[in-house]
Each structure stands twice: as structure tokens, then as C-alpha cells.
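A short worksheet on the structure shown next.
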Amino acid sequence: MAAIEIKPDVYWIGVNDRTSDLFEGLWPITQEGISYNAYFINDQHKAIIDLTKSFKADEFFGQIDEVADISQLDYIIINHMEPDHTGVVNLIRKIAPRATILGTEKTVQMLKDFFGITEKVQAIKDGQTLSLGKRTLRFFYTPFVHWPETMMTYETSHGILFSCDGFGGYGALRGAIFDDECKDFDFYQREALRYYANIVARFSRNVLSAIDKLKAISISIVAPSHGLIWREQPGRIIELYEQWARYATGQAEAGITLIYGSMYGNTETMMNAVAQGISRTGIPLEIFDAARSHASYILPSLWRKQGVVVGAPTYEVTLFPPVAHVLDIAVHKGVRNKKAAFFGSYGWSGGAQGEFKKIVEPATWEVADSFEFIGAPTKEDLKKGEEFGAAFAERIKSG
Ligand code: FEO
């Protein structure tokens, strides 16, 4: 995509990544892609805000060439050191040798650790301003949104917040870069939640602190480094992030995520009975086969919904590994304060239920009634499963 002027002399110079299968080497983006948004301000002093991943160098420098002579660059502003935004930093220094890199103190250290860069680097203070000529930038420390060195950059005359990972989402840009031009709004909102649950959720407390801090400024445009630029409804993505961040410690939405695994269909048969019971109550329900769904796609449901039902057989005296894996990641990502229930089949000795509790109880999941059955479920077992699902759903509905 060509560079796009978002306000006079302020340009989006981002690139789409439709090639990487995994973001952070972990989270699938094969179908959705991702954008690495960067920005250029063509003032008396020329500044670039955030960069891109190394393999996108040619495309990225092509974007800059459209709007400016990069060799004349004065400032490289690094909001966040993760290499999806800094991969070309050594290269750009060679092309723009007079540019000074600006970032937080931790960024200065990380530039040395990640790229061996120590010269023409300047640490900025929280709240510090920088005049580019007609325009002024102000920097806000926003630690752990997403790494400890992270900050956001605010352009004061147009009220543009360059928020980097904050308020970002998965999803390559499909021609339109602004929320008001976008025809796939549901896609970007869904992918923003998946990104939040995968990347940012563990730092929800820091997200809330950052949002609190930003209440002191007037924001007309939210320009993150992944996903849509929010100029029609800048408050919308901030509100969504705030809502999602509050789920880390507070009550989530009435709804149930059902995660199951099944080796020969017995736990799956019971899962269908439990799902029937849940559905009877009308409560929203999402079902995931842990062996076939990447945790990336399960986490958003776990994050938003108050209830979790896990169905898993005993496998070699412990919890079926694909289910254990999803739960481990969920706990690591800070999925807490859930109401949960468990069911599963075993052949000769149990073990899954105990392991399930061992994984989730430290994360303050309140485990309600659970049951296990031997081998294939009987008609009576299935009836019990349906009632079990309905009773659990009623508990979630009543809050
Ligand atoms: Fe987009 Fe934390 O990097």
C-alpha cells in the first residue's frame, strides 16, 4: 500500500505482513495477517515514529521514499523495542546517519542489548516534549503496554496518539487504514480482542494505568502500530481496551467457554450432553476442541466470559495434554477469577480432574461440581451431564 497522509505532513508509512504464519513465533496470523504501522512527520525537523520487522525493509523504505528523503531524517522515535517495530533500526541508521534515536531509558539499554546501538541515542523523560518546528510531540511512559520500556507519543496540534501496541490488533489492512473507511469492522474488533488476549492481557493493570494517564490529553486520532487508525471513534478502541483490562480483576461477561478434548469420542459424547444443558438456559456458549484449536483463538472467549467448562479424559494418569496446554497458557496470560466446572472419561484410574484443579486453582478459578465417568457414558451419565451443564449455566447467569 502507498503512504497515506493522515493529517497535513503526518503520514502513515506502514506495511502489511501477509507472509508470517506466527506472530511472536507463537500466535497464528496466517489467515488474518498483521500490519506494522509506522508514521512520518515532515516538519522542519523530520521524525519517524516506530519502524517495522526486518524482512519488510524494502517495502518500508519504499514507503518513506514516497514522502521524504530519508537521509535527512532527524529523529527516530522508538515507542517500543520489540523487533516487529525495530527490526530495521540498524539499517535506517546507515541510511539516515544524522538521525537521533529517542526512547525511554530502558529503550536505551535495550538498543544496546538487542542491536549493539549506543551512539546518537537519547533517553527522554516521561512527559517531555520535543518541538519539530510547527508541531510538538509529547512522550508518555506506558510501561508494560507491552514491554517495560514502552511509551506512547502524542502529537499536540492534531491530538494524534501514536500508541504502538496499545489499542492495536491483528489483521492486515485491506486498503482502508481508518475506522471510518473500513468495511470489515467486526473483523478488526474481533482481531483486536484476540491480540489483546494473546499479547496484552497479562499486563491489564498497566493498560488501565496508561488509560488513566491519557485522560489528561485530548485524543482526536488513535494511531496504533498494528491494525486500524481510529479517527472517527478514537474513544471506541480505548473503551474496548479499558473494558477488556477490567476483566483481569473484575467480573467478566455472562457466558461460557467449553474447552474439551477427546481420544475416542466418549468425552465428546458427554460434551454434547453438557452443551445441550447449557444451551437450554440461553446463555452464550463457545465450544473449542483443544487438540484442534490454537490457544490463540480460545483465549478471547476465556477472557470475556465468566464461566469455563472443561471436558477432558484422563491420559496416562493425568489431564489430556492438549487441554492442559490451553489451561497453562490461559493461566499464564492472567485469565483469573473464573467460575469453572470439569467432566471427563477415564479407563481404569482417574487423574485428569485432580490435575485440572492443580492448574486452575492458583489462578483463583472457583471450581464448582465436577464429575468423571468410566469408559463410555451411559444414558444415565448423559442425563446427568445435561443437568450438570444446565445447573452450571444457571450459576453463571445469576452472576
Ligand atoms: Fe508490536 Fe510488542 O510488539
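Distance from the Cα centre of the range 197-216 to that of the range 76-140, in angstrom? Cα centroid of the range 197-216 versus Cα centroid of the range 76-140: 22 Å apart.
I want the antiparallel fraction of DSSP beta bridges within the range 253-397, as a percent rounded to 5.
Antiparallel: roughly 10 percent of the beta bridges in the range 253-397.
Summary value for the range 191-265: 36 percent relative contact order, contacts being C-alpha pairs under 8 angstrom separated by 6+ residues.
Under a Gaussian network description of the chain, with springs only between Cα atoms under 10 Å, the residue in E119, E82, E239 that fluctuates furthest is E119.
For V121, the residues whose amide H sits under 5 Å from its own are I101, ignoring neighbours fewer than 5 places away on the same chain, with H placed 1.01 Å from N. For the range 287-350, the relative contact order is 44 percent, taking Cα pairs closer than 8 Å that sit 6 or more residues apart in sequence and dividing their mean separation by the residue count. Pairing the Cα long axis of helix 321-332 with the longest principal axis of the chain, what angle in degrees results, from 0 to 90 and rounded to the nearest 10? Value to nearest ten degrees: 50. Rounded to the nearest 10 degrees, the inclination of helix 105-115 to the longest alpha-carbon principal axis of the chain is 80 degrees.
The DSSP beta bridges internal to the chain are antiparallel in roughly 45% of cases.
Per DSSP H run of n ≥ 4, the term is -39500 (n - 2.57); total these for the chain, divide by its residue number, and report the mean residue ellipticity at 222 nm rounded to 500 deg cm²/dmol.
Values: 12 runs with 133 residues, N = 399.
My calculation for the chain gives -10000 deg cm²/dmol from helical runs alone.
The listed peptides 382-392, 310-320, ordered by packing as a protection proxy, come out as 310-320, 382-392 (highest mean of other Cβ atoms within 10 Å first).
Take the alpha carbon gyration tensor of the range 4-246, find the square roots of its eigenvalues, order them as a ≥ b ≥ c, and report rounded if a/c is under 1.5; if not, report prolate when a/b exceeds b/c, else oblate. Intermediate values should be presented prior to the final figure.
Working: a/c = 1.30, a/b = 1.23, b/c = 1.06.
Rounded, since a/c falls under 1.5.
Taking 30 Å as the limit for the C-alpha separation, the pairs K94/K134; K213/K305; K56/K183; K53/K339; K46/K213; K106/K338 exceed it in the case of K53/K339; K106/K338.
Taken together, the values in this text are just the output of simple stated rules run on the coordinates, not laboratory data. Because the structure is a prediction, the values reported are computed rather than measured. All Cβ positions, glycine included, derive from the backbone under ideal geometry; neighbour counts span all protein chains shown.
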